[in-house]
Amino acid sequence: MFTPKYPTPDTAPPPAASAPASAANTPATTSPASVMQAPVRPTVQITPGTAVALVGGGTAVVLVVGAVLVSMLLAVAITAMSVAVCAVVLRSLLSDVNKQR
């Protein structure tokens with residue numbers, strides 16, 4: 001069940017066949033760096049459907065991050081207000097105790 005499943009050898013693509021270069025056609029001053037070519041990279045093609053999906057995904061990420069940040073700011077503001085109210089109440093209670101002496 002947990003053993004890896006390898007594809008059968010006949011489903012693998014055949015290796016690219018390259019024609020052997022003859023010694024008469026190749027110049028003697030070629031270096032390996034000049035013979036090597038840049039790797040072929042697939043181009044990214046953005047279709048209209050992909051563009052809409054990217055815009056929708058980006059908008060969703062911005063909205064979620066914004067909601068989280070606003071909720072954190074609101075939690076800090078509510079905590080600060082409750083601490084301020086507690087401080088005012090304690091100050092009032094302590095000033096009343098000091099006046100009655």
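Just so it is clear, none of the values below were taken in a lab; they were calculated from the coordinates. What you are looking at is a predicted structure, and each value in this text was computed from that prediction instead of being measured. Cβ sites come from the backbone with ideal geometry, for glycine too, and all protein chains shown count toward neighbours.
Structure data summary
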| read-out | value |
| --- | --- |
| Length gained when the stretch residue 100-residue 52 is fully extended (0.36 nm per residue, less Cα-Cα span) | 10.1 nm |
| Sorted by Cβ density within 10 Å, fewest first, the residues 10, 96 | 10, 96 |
| Least to most buried among 5, 99 (fewest other Cβ within 10 Å first) | 5, 99 |
